[in-house]
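Okay, structure first, notes after.
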Amino acid sequence: MTRRGRFAPTPSGLMHIGNAFTALASWLQMRQAGGEFVLRIEDIDIARSRPEYAEKLQDDLLWFGIDWDEGPRIVGSCAPYEQSLRQHLYREALDTLHSAGRLYPCYCSRSELASIGNAPHGLASEGAAYHGGCRSLSPEERQARAAKKTPALRFIMPTHAIGFHDVLAGPHTYAGDALSDFVVKRADGMFSYQLAVTVDDAAMGITDVLRGADLLDSTPRQLALYEALGLKAPSFAHVPLLVDASGQRLSKRDKALTLASLRDTGVTPERLVGAFAYLAGWTDRPEPLTARELIPCFGLIRTAADGLTTDQVQRLLAVG
Ligand code: GLU
């Protein structure tokens with residue numbers, strides 16, 4: 001079976017070196033394995049996404065030396081590759097979950113729901129436990145609330161523990177009561193990241209999900225969805241995030257570390273690839289090389305967890 005990996009950026013800003021590192025690792029994994037690499041644009045959250053950023057992301061990837069076998073600008077059997085155009089699939093998945101009795105309407109107020117946003121990252125979207133209040137509403141209570149408010153839809157988590165072996169981070173087990181029911185469709189009609197990413201990875205035949213470590217805690221929720229939808233789950237690898245001197249992950253608002261700004265200061269893609277390869281422990285020296293030249297040196301499980309800091313990258317590139 002051909003292995004398939006993907007890079008799934010949200011076009012909410014310019015691509016920074018943190019995104020570039022994750023994209024490179026996923027691309028290298030597939031190129032080394034002779035697999036296929038898919039680019040998917042996760043623009044489901046229209047308030048956060050912009051088409052011009054989706055275009056720039058693609059230009060930046062190509063500049064960096066990363067190509068894709070399927071995705072925007074390339075015809076593939078899983079098209080379209082923009083989540084905003086795939087909503088019928090998320091609707092079908094909700095129908096399946098509904099028929100299986102795994103959804104319930106949630107009428108909690110906006111401020112309560114603010115802690116369960118659509119952004120895949122950040123504590124708010126993953127950490128906040130839902131008290132489960134709306135799960136036990138009687139039909140009469142539901143009817144009364146429905147008259148006043150459009151509900152969000154929540155997915156009922158299984159009560160059993162969920163475990164998986166992360167290719168990089170090792171074994172992880174989440175107790176049945178550690179994860180609360182989460183929103184799969186917001187009151188404003190938007191499908192959640194967790195639902196869309198699961199449906200798409202399955203529909204696109206992704207066998208190897210490689211992404212940033214900040215999404216590790218999303219994995220048990222997605223595994224619960226795979227199970228409930230009767231879909232085969234991929235393997236997961238969560239690579240270390242590039243962090244700044246204070247240990248914070250990069251934000252798309254940090255303009256100095258975008259690929260575009262580095263390119264403008266004369267940094268070549270080869271120097272950036274070389275710096276990443278050295279800091280991740282894939283090569284012994286920070287010598288410039290193309291992404292393609294790095295393929296034989298890449299070793300996912302050798303990826304160093306420390307040392308991947310923006311300061312180090314800037315020092316090696318002699319910028320900043
Ligand atoms: N769209 C997510 C992001 O921009 C990535 C989702 C994933 O890789 O599962 O970070």
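Couple of notes before you dig in:
- Conditions (1) within 16 Å of the ligand (Cβ to nearest atom); (2) in contact with a Cys (Cβ under 9 Å, 6 or more places away or on another chain); (3) of a type in the set (A, V, I, L, M, F, W, C): number failed by Val183: (1)
- Residue check for Thr198: of a type outside the set (A, V, I, L, M) and within 12 Å of the ligand (Cβ to nearest atom): yes
- Spans of helices (runs of 4 or more DSSP H) in the stretch 1-109 with at least 2 residues within 12 Å of the ligand (Cβ to nearest atom) and within 15 Å of Val209 (Cα to Cα): 17-33
- Scanning the stretch 141-178 for residues that are assigned to a loop (DSSP other than H, G, I, E, B), in contact (Cβ under 8 Å) with a residue 60 or more places away in the chain and in contact with a Lys or Arg (Cβ under 8 Å, 6 or more places away or on another chain) gives a single hit, Met157.
- The residues on offer are Ser180, Ser125, and the sole one that is polar (S, T, N, Q), modelled with pLDDT under 90 and surrounded by 11 or more Cβ atoms within 10 Å (Cβ to Cβ) is Ser125.
- Residue match in the stretch 204-212 (condition: within 12 Å of the ligand (Cβ to nearest atom), touching a residue at least 12 places away in the same chain (Cβ under 8 Å) and of a type in the set (Ser, Thr, Tyr)): no
- Any hit, the stretch 233-245, residues being more than 23 Å from Pro11 (Cα to Cα), assigned to a helix (DSSP H, G or I) and at pLDDT 95 or above: no
- Set Leu257, Leu241: member being closer than 17 Å to Val313 by Cβ, of a type in the set (A, V, I, L, M, F, W, C) and within 12 Å of the ligand (Cβ to nearest atom): Leu241
- Counting residues in the stretch 220-231 that are under 17 Å from Arg6 (Cα atoms), crowded, with 18+ Cβ neighbours inside 10 Å and of a type outside the set (Lys, Arg) gives one or more.
- Hits in the stretch 68-91 - residues which are without any contact (Cβ under 8 Å) to a residue 40 or more places away in the chain and of a type in the set (Asp, Glu): Asp69
- Verdict on Ser261 being surrounded by fewer than 20 Cβ atoms within 10 Å (Cβ to Cβ) and over 20 Å from the mean Cα position of the chain (by Cα): yes
- Taken together, the residues in the stretch 279-313 that are in a helix (DSSP H, G or I) and buried (at least 19 other Cβ atoms within 10 Å of the Cβ) amount to 6.
The values are calculated or read from the model by the stated rules, or taken from the named source; none is laboratory data. If you're wondering where the values come from, they're calculated on a predicted model, not measured in any experiment. All Cβ positions, even for glycine, are placed from backbone atoms using ideal geometry, and neighbour counts span all protein chains on display.
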